[in-house]
1. If I filter region 221-273 down to residues being out of contact with any helix residue (DSSP H, G or I) (no Cβ under 6 Å at 6 or more places or on another chain) and buried (at least 23 other Cβ atoms within 10 Å of the Cβ), which single residue comes out as nearest to residue 153 (Cα to Cα)?
2. Quick one: which of 232, 189, 219, 196 is over 16 Å from the mean Cα position of the chain (by Cα) and within 21 Å of residue 253 (Cβ to Cβ)?
3. Out of (1) touching a residue at least 24 places away in the same chain (Cβ under 8 Å); (2) in a helix (DSSP H, G or I), the odd one out for residue 279 is which?
4. Determine the pairs where a residue that is on the phi > 0 side of the Ramachandran plot and modelled with pLDDT under 90, located within region 148-161, has a partner that is outside any helix (DSSP H, G or I) and crowded, with 19+ Cβ neighbours inside 10 Å with Cβ atoms under 9 Å apart, the partner being 6 or more residues away or on another chain.
5. Answer yes or no: is there a residue in region 173-180 that is more than 23 Å from residue 111 (Cβ to Cβ) and touching a helix residue (DSSP H, G or I) at 6+ places or on another chain (Cβ under 9 Å).
6. Being more than 12 Å from residue 109 (Cβ to Cβ) and either modelled with pLDDT under 75 or surrounded by fewer than 22 Cβ atoms within 10 Å (Cβ to Cβ) (or both) is the filter here; which residues of region 49-64 pass it?
7. Would you confirm whether or not region 267-286 contains a residue that is within 23 Å of residue 29 (Cα to Cα) and modelled with pLDDT of 90 or more?
């Protein structure tokens with residue numbers, strides 16, 4: 001059975017990989033707040049940077065840290081450890097992640113954070129459908145059941161904040177496109193991890209993404225550099241917390257955990273976003289939202305790899 005299947009059995013390092021995945025989901029869950037601080041207009045003033053520029057800074061500012069991590073990881077790795085440089089899967093992961101960040105940052109600014117987060121959480125559905133229908137690999141009943149519970153939980157968690165507004169339709173569609181690209185990222189990044197370590201995959205993917213995003217930002221943005229300390233701080237925080245932390249931990253997990261199960265655990269990002277909204281923005285958490293978070297946790301447990 002291929003490692004893409006959720007029937008892969010937990011072995012040495014499973015608990016560590018699962019913990020890394022959970023922490024990565026939390027780190028990515030706060031990214032919408034950073035994007036708002038860096039890109040959105042405040043008090044009628046012009047936005048500090050546009051969505052494409054903020055996406056570029058997100059992946060580029062932490063490149064020195066990712067490079068240092070890669071060199072340290074490979075220095076400590078056994079001599080026979082796989083370390084293919086810029087594999088096709090890593091380059092493809094960079095291309096897919098570029099599309100993910102472009103539409104994600106546009107979704108956050110063109111619709112509500114709740115709408116953008118809700119539609120982006122459809123990524124696990126994309127992973128399941130691609131693995132099952134395109135790659136023709138077996139997907140267990142527990143995975144389908146766990147996915148259903150997570151989708152119900154996500155709807156309960158964010159559904160009360162959703163707003164059906166034709167004026168935000170474009171942003172909602174960008175949110176769905178985010179789910180498509182992020183779902184593909186799980187699959188191609190998992191393949192890249194077969195021939196390289198987590199640090200190399202994260203660095204090379206980020207380098208490809210940064211180069212492409214810079215071209216897009218130069219072509220479509222009027223301003224690339226942040227204009228305020230608040231904007232610069234938000235960009236640094238987003239880069240080091242949400243990207244280096246979130247994507248780096250995700251790469252570590254994808255070297256051990258199947259992409260389908262990993263994508264389901266990313267539903268924790270919705271829980272983290274709701275908690276951060278409550279703590280930082282003062283948004284209320286209702287009983288239904290709490291039950292939604294519980295359903296997500298139950299869905300992840302149901303879909304766990306077989307022991």
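1. Looking at residues that are out of contact with any helix residue (DSSP H, G or I) (no Cβ under 6 Å at 6 or more places or on another chain) and buried (at least 23 other Cβ atoms within 10 Å of the Cβ), I get 261.
2. After applying the criteria, what remains is 196.
3. Only one criterion is unmet by residue 279, namely (1).
4. Taking only residues 6 or more apart or on different chains, not a single pair turns up.
5. Looking for residues that are more than 23 Å from residue 111 (Cβ to Cβ) and touching a helix residue (DSSP H, G or I) at 6+ places or on another chain (Cβ under 9 Å), one finds none in region 173-180, hence no.
6. Scanning region 49-64 gives 60, 61, 63, 64.
7. Taking every residue of region 267-286 in turn, none turns out to be within 23 Å of residue 29 (Cα to Cα) and modelled with pLDDT of 90 or more.
For (1) part of a helix (DSSP H, G or I); (2) in contact (Cβ under 8 Å) with a residue 24 or more places away in the chain; (3) surrounded by fewer than 24 Cβ atoms within 10 Å (Cβ to Cβ), each residue gets a yes or a no:
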position: 144; (1), (2), (3): yes, no, yes
position: 182; (1), (2), (3): yes, yes, no
position: 195; (1), (2), (3): no, yes, yes
position: 207; (1), (2), (3): yes, yes, yes
position: 211; (1), (2), (3): yes, no, yes
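The values are calculated or read from the model by the stated rules, or taken from the named source; none is laboratory data. Treat the numbers as computed from the prediction; the structure is a model and nothing was measured. Note that each Cβ is placed from the backbone with ideal geometry, even for glycine, and that neighbours are counted across all protein chains shown.
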